[in-house]
Amino acid sequence: MYSACVSTSERLIESTRELLWERGYVGTSPKAILERAGAGQGSMYHHFKGKPDLALAAIRRTAEELRATAEGVLSAPGTPYERIEAYLRREREVLRGCPIGRLTMDPDIVASDELRAPVDETLDWIRERLAGIVEEGKEQGQFAPSLDGEEIAAAVLSTVQGGYVLARASGSPAAFDAGVRGLLSLLALQRNTQPL
């Protein structure tokens, strides 16, 4: 699965990332990680203290990747509305769910302050970034002054995370897409069309 030039620790992290997304923490056994990584039995303990340490490295990597992807969309050219729209409509593996959001449903992740921290920090970061874009739109006169940036950011994040759940439950991305369209319709009503 991995080329020979990829280090064992790298293969272990990437395999753990994939398995956490597919199976969650409990379903990700050391044996499954080693098999997926094509690594020998002692490899995990040579590079990591154990499964929690490896899971933390994998969760941090996933969090960094998710933030980088979100930042790429949110900092792109366009009006604040267009950037929020681009974030909501960006390419996603909807039926797989969010690799970070999925971890909030895992009792072992939530019970561990250390494992939960990168999940919480990432969701907070996205929420804060979106709130800043709404406030930017208000300052530019593009959104109604009555909008609360933090509330809109929470609604955007809730639509994305809830959309994953609805799509997975129905086996179709249609529910995700409907939620996005609905939120964008409501947000479009809040755009300031009055001349300043």
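The values are calculated or read from the model by the stated rules, or taken from the named source; none is laboratory data. None of these values were measured; they are calculated from a predicted model. Here the Cβ is made from the backbone with ideal geometry for all residues, glycine too, and neighbour counts use every protein chain on show. Accessible surface is based on the protein model in full, side chains and every heavy atom, while ligands, DNA and RNA are left aside. Shrake-Rupley method; radii C 1.70, N 1.55, O 1.52, S 1.80 Å.
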Residues satisfying the stated conditions in the stretch 130-158, i.e. under 13 Å from residue 187 (Cβ atoms), touching a residue at least 24 places away in the same chain (Cβ under 8 Å), open to solvent by less than 30 Å² (accessible area, probe 1.4 Å) and assigned to a helix (DSSP H, G or I): 130, 133, 134, 137, 153, 156
For the stretch 137-146, does any single residue satisfy the condition of being among the aliphatic types (A, V, I, L, M) and closer than 24 Å to residue 94 by Cα? no
What do you reckon, is residue 86 over 11 Å from the mean Cα position of the chain (by Cα) and not in a loop (DSSP other than H, G, I, E, B)? yes
Between a residue in the stretch 19-46 that is closer than 28 Å to residue 94 by Cα and outside any loop (DSSP other than H, G, I, E, B) and any residue that is open to solvent by 20 Å² or more (accessible area, probe 1.4 Å) and of a type in the set (Gly, Ala, Ser), which pairs come within a Cβ distance under 7 Å, given they are 6 or more apart or on different chains? 34/43
If you go through 110, 119, the only one that is free of Cβ contacts under 8 Å to residues at least 12 places away in the same chain, touching a helix residue (DSSP H, G or I) at 6+ places or on another chain (Cβ under 6 Å), part of a helix (DSSP H, G or I) and of a type in the set (A, V, I, L, M, F, W, C) is 110
Filter result for residue 183 (open to solvent by less than 50 Å² (accessible area, probe 1.4 Å), in a helix (DSSP H, G or I) and modelled with pLDDT under 95): no
Looking at residue 55, is it open to solvent by less than 40 Å² (accessible area, probe 1.4 Å) and closer than 24 Å to residue 94 by Cα? yes
Considering only the stretch 49-83, how many residues are within 30 Å of residue 27 (Cβ to Cβ) and assigned to a helix (DSSP H, G or I)? 20
